[in-house]
Amino acid sequence: MIPGIHVSVNGGLDKALDTLTELGLPCGQIFTSNQQQWKSRAVTGKEIERYSSRTAAIISHTSYLINLASTNKRVVKLSVPALEAELGRIHALGIKWCVLHPGAHLGAGEDEGIRKISSMVGKILLNSPADTGILYENTAGQGTTLGYTFRQLAQLLEQTSIPDRTGICFDTCHAFAAGYDLSSERAVRETMNEFNDTVGMDRIKAFHINDSKGECGNRKDRHAVIGEGLIGLEPLRFLASMPEFKAIPGISETPGTDSDRAHDIVKVISQ
Ligand SMILES: [Zn+2]
Ligand SMILES: [Zn+2]
């Protein structure tokens, strides 16, 4: 894996590039707009210019508010343009992938939720620049969120049916919380074999490398500092060293500052 962090964009998107350079990291994940607001900002000319000459590999993370599976029509009506705007911003910045939490069905049922998300993502991608794509992130399975089983991730990819513009962002904390053991080398091997049989390892385009505060299967999304959670440092190091993931970003989203996260990820991925 290539080491990276979720990097703050306080002070502008171009500031994130400076931070990565200062921390000596070859990749990062950013929010291109405020993740807690529907109202989004356009990228500036300066940001576009800086991103066009960057050396770091960058992915973006979409707003937490987006829920294409919502039973509330207003939320769906706001989610579609929000996701389209994200794809427009990453296109302008020369970023290929944005990470999306699939959504929560809020009682409508899992199959129905997956059907809605896939069909809307398919339409949104067809309406968006062809050099952009969406990574479905596996979730911890809290509440009625979808994408917590490997089977659901496979269904999302199959039903969206645009393979070169969709993939998976695999979050280690979320997988562990959803009941996939990653707490030993053997467990990592077994879990990734299961993922390969169900989804295909080649569909993973990014990792979120986080430890977990909660135990395996507790379905709570609580990231721990690497080595201080219930997954532990060694199994994450083993995962990061798998040859299949040599060229894949491994992004830490652990608590603390950018520099804390950088400290965390270099424990896992030695360059
Ligand atoms: Zn994540
Ligand atoms: Zn999380």
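The values are calculated or read from the model by the stated rules, or taken from the named source; none is laboratory data. Source: prediction; values computed, not measured. When we count neighbours, we look across all protein chains shown, and the Cβ atoms used for this are built from the backbone with ideal geometry, even at glycine. Only protein heavy atoms, including side chains, enter the accessible area calculation; ligands, DNA and RNA are left aside. Shrake-Rupley method; radii C 1.70, N 1.55, O 1.52, S 1.80 Å.
For segment 83-106, name all the residues that are in a helix (DSSP H, G or I), over 18 Å from His6 (Cα atoms) and not acidic (Asp, Glu). Write out each step before concluding.
Looking only at segment 83-106, we keep the residues that are in a helix (DSSP H, G or I), and these are 83-93.
Checking the rest, the ones that are also over 18 Å from His6 (Cα atoms) come to 83-85, 87-88, 91-92.
Those that are in a helix (DSSP H, G or I), over 18 Å from His6 (Cα atoms) and not acidic (Asp, Glu): Leu83, Ala85, Leu87, Gly88, His91, Ala92.
Within segment 138-181, being over 14 Å from Asn218 (Cα atoms), crowded, with 23+ Cβ neighbours inside 10 Å and either touching a Cys at 6+ places or on another chain (Cβ under 8 Å) or among the aliphatic types (A, V, I, L, M) (or both) holds for Asn138, Leu146, Leu153, Leu156, Ile168.
Being surrounded by 16 or more Cβ atoms within 10 Å (Cβ to Cβ), within 21 Å of His101 (Cβ to Cβ) and more than 15 Å from ligand 2 (Cβ to nearest atom): is that true of Ile248 here? Judged against the criteria, Ile248 is a match. The numbered conditions (1) open to solvent by less than 20 Å² (accessible area, probe 1.4 Å); (2) in contact (Cβ under 8 Å) with a residue 60 or more places away in the chain; (3) not basic (Lys, Arg) are all true for Ser259 except (1). Tallying residues that are more than 16 Å from ligand 2 (Cβ to nearest atom), open to solvent by 20 Å² or more (accessible area, probe 1.4 Å) and in contact with a Leu (Cβ under 8 Å, 6 or more places away or on another chain) within segment 182-213 yields 5. Does Ala247 meet the test of being under 29 Å from Glu84 (Cα atoms), out of contact with any helix residue (DSSP H, G or I) (no Cβ under 7 Å at 6 or more places or on another chain) and not charged (D, E, K, R)? Criteria met by Ala247.
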